[in-house]
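The values are calculated or read from the model by the stated rules, or taken from the named source; none is laboratory data. Keep in mind the model is a prediction, meaning the values are calculated, not measured. Counting neighbours? That spans all protein chains shown, and the Cβs are built from the backbone with ideal geometry, glycine included.
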Amino acid sequence: MRNPELAAWLEEHRESLVALCEQGDVVDLNLIDNILETARTGRVDHLDSAVNQAVHRAVAQEVPLDRLLKKSERLKEVIWEELKGGGLPASQALALVEAAEPVFSRISQIAMRSYFEASQRMQDVLAAEIARLHSESERRVMDRTADLTRANIELSKLEQAKTDFISIAAHELKTPLTLIRGYTNMLHEIDLEGDGASGSSHIVEGILRGAERLSAIVEDMLDVSVIDTNALSLHIQEVSLSHFVSLVVGQNTAYIAERHLTVHVGDLDSLSPIEVDPRRLHQILGHLVNNAIKYTPDHGEVFIEGRVVSGNHAGQDGLANGRQFVELMIRDTGIGIAPEDRERVFEKFYRVGKSTLHSSSRVKFKGAGPGLGLPIARGLVEAHGGRLWVESPGHDEINCPGSTFYVLLPVRSVPKPGITVTWGESPAPGKEEQDQ
């Protein structure tokens, strides 16, 4: 590749070639000097090095190979145009072009080989980085999974501990509460025998009411514990839903009158008898009716209606198609439930409103309670193989959009797996339940 004539010509025309290259920005200007050095000495190491460096810069900047090769082709065109306009004989100009051709051919070969090698190295680096990131991601996922597993175990332990505490506390409270009620009843009877001369009857009655309220809370705590531990037992028999709705509404007559509410009960006599535990059905309806009374302002209304539906029309997943269900709707004109609270109202101890309010009454407007009624109702409904859910346009204490609770119970009993079931007569709702 040594050619003194080409070297002399490049040396003479270097400035004009540089100027032309600068105008087009077509190639690294050091390349002209490297071509000149190759023509002068015949050595190509410095030329190869310059091409390799240019290629690595191009790969790093994501410059395509064809664009890189066009730069050297443009330099060859600039040399040819300079030769044609330089006043040299045609034969001499062609001889110089032929002398330069092997140099440009080598530039193209080195550029292509270097480009692919650099690209491959970059791909290898990228592949290694991707593999590293993937491995790191998998390690982090495993760490997070382990953390979540530990957290779930701890949460399960805490949940179990809470359930155990509720059960123990309820049992421990029940014994002294029974003594309080017993002795209070004795005081009440003594006062009655003395014609109320002591004037303490109203005090005794207040103690009795408080004891009854506390007793109801303890029973709710026991029911929650039984439901959570799947230790519930059901005594199934065929009953009339209409009868139990009338019973619950009748038991709340005084509260309904006190709050100036109107309760509308639809035609439930035409509904099919259903197979349920009568005592548990009484609890379900009692909690739902009490809830409707509590969150409906004075002079409001409560509507209780029912219908028979089949599983494929019940609008709930997990219900057997073709099976008959009774759907009971308890709708009120109360303050409603916000969308984010529609499921949370069925969580234990959750209460809409200030948690600082004390448990003063089961039916006082927005009166606070322990937050167990709806969770118990849902647990008992699901134990019977049914569903309980609520629909409401939202929470608004001014316009009162109301809420509708839906109870779906199978006509033929299909208790939840794991539930202890006996068939036949079971104790009817006792006086204690009827007075609550």
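What to note about this one:
- Segment 248-266, residues that are surrounded by 14 or more Cβ atoms within 10 Å (Cβ to Cβ) and in a strand (DSSP E or B): Val263, Val265
- Screening Thr229 with (1) among the β-branched types (Val, Ile, Thr); (2) crowded, with 17+ Cβ neighbours inside 10 Å; (3) modelled with pLDDT under 95 gives one miss only, at (2).
- Exclusive hit being part of a helix (DSSP H, G or I), β-branched (Val, Ile, Thr) and touching a Lys or Arg at 6+ places or on another chain (Cβ under 9 Å), set Ile166, Ile153: Ile166
- Test: residue in segment 174-184 that is at pLDDT below 80 and closer than 20 Å to Leu372 by Cβ: yes
- Selected residue (criterion: modelled with the highest pLDDT) from residues of segment 386-436 that are in a helix (DSSP H, G or I) and either under 17 Å from Ile376 (Cβ atoms) or touching a Cys at 6+ places or on another chain (Cβ under 7 Å) (or both): Glu433
- Selection of segment 199-226 for residues being surrounded by fewer than 15 Cβ atoms within 10 Å (Cβ to Cβ) and either in contact with a Pro (Cβ under 9 Å, 6 or more places away or on another chain) or at pLDDT 85 or above (or both) yields an empty set.
- Across segment 199-218, a minimum of one residue is classified as within 25 Å of Phe346 (Cβ to Cβ) and of a type in the set (Gly, Ala, Ser).
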